[in-house]
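Below you'll find the structure, written out as structure tokens, and then a few comments.
The values are calculated or read from the model by the stated rules, or taken from the named source; none is laboratory data. Just so it is clear, the structure is predicted and the values come from calculations on it, not from any experiment. All Cβ positions, even for glycine, are placed from backbone atoms using ideal geometry, and neighbour counts span all protein chains on display.
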Amino acid sequence: MRRGAGAVKVREYFYTSPESGPLDLALADALSLVCLNGPLRMGELADAMRITPASTTRAVNCLVEKGLVTRTRDDEDQRSIQVEVTPAGQERYAEISARVQSGLTLMLSEFTEAEQVQLADYLERFVASIDKLAESAADGTE
């Protein structure tokens with residue numbers, strides 16, 4: 001119970017802005033992807049988030065309502081919609097990134113440099129295993 005409460009507090013610290021309120025983790029993920037990768041087509045965003053097009057549309061709708069992204073027709077393919085970050089979205093992403101960086105610095109200060117390298121290796125391998133499982137589940141080859 002205590003760990004769960006701690007995780008909620010950390011999530012609130014990372015993703016809640018005093019001015020704008022909380023941002024759902026999935027919305028923060030979508031915002032991050034658009035900020036880091038430039039304008040993305042809806043399909044590209046769905047693929048990157050590993051969610052359905054309908055879920056992507058709901059996430060983008062929420063981000064548009066919050067003024068963090070805009071939707072425009074793709075110049076190269078008028079059937080396609082591109083999602084682009086707004087200045088407010090860039091600012092919100094920068095706030096989140098700064099809080100995450102600050103939090104990680106504090107958390108990692110408990111580890112030696114060698115332990116940090118080892119932890120990074122373990123986490124990279126763990127994430128690669130998650131990606132492999134997700135791909136095999138999507139292919140039906142579990």
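Some notes on this structure:
- Checking each residue in segment 110-124 for being in a helix (DSSP H, G or I) and of a type outside the set (Gly, Ala, Ser) picks out 113, 115, 116, 117, 118, 119, 121, 122, 123, 124.
- Subset tally (residues that are of a type in the set (Lys, Arg) and at pLDDT 90 or above) for segment 7-59: 2
- When the criteria are applied in full, residue 104 meets the requirement of being without any contact (Cβ under 8 Å) to a residue 12 or more places away in the chain, assigned by TED's automatic domain parsing to the domain that holds residue 12, part of a helix (DSSP H, G or I) and surrounded by 11 or more Cβ atoms within 10 Å (Cβ to Cβ).
- Taken together, the residues in segment 30-43 that are out of contact with any strand residue (DSSP E or B) (no Cβ under 9 Å at 6 or more places or on another chain) and either surrounded by 15 or more Cβ atoms within 10 Å (Cβ to Cβ) or in contact (Cβ under 8 Å) with a residue 60 or more places away in the chain (or both) amount to 1.
- Residue in segment 80-87 that is in the same structural domain as residue 39 (by TED's automatic domain parsing) and part of a helix (DSSP H, G or I) present: yes
Residues checked against (1) under 30 Å from residue 20 (Cβ atoms); (2) among the charged types (D, E, K, R):
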residue: 34; (1), (2): yes, no
residue: 43; (1), (2): yes, no
residue: 58; (1), (2): yes, yes
residue: 63; (1), (2): yes, no
residue: 109; (1), (2): yes, no
residue: 126; (1), (2): no, no
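- Test result for residue 127, exposed (fewer than 11 other Cβ atoms within 10 Å of the Cβ), in a helix (DSSP H, G or I) and within 15 Å of the chain's Cα centre (by Cα): yes
- Remark: residue 43 matches the filter, which requires a residue to be part of a helix (DSSP H, G or I) and closer than 24 Å to residue 130 by Cα.
- Checklist (1) surrounded by 14 or more Cβ atoms within 10 Å (Cβ to Cβ); (2) under 13 Å from the mean Cα position of the chain (by Cα) applied to residue 82, failing item: (2)
- Residue count for segment 83-142 satisfying the condition of being acidic (Asp, Glu) and either in contact with a strand residue (DSSP E or B) (Cβ under 7 Å, 6 or more places away or on another chain) or at pLDDT 90 or above (or both): 8.
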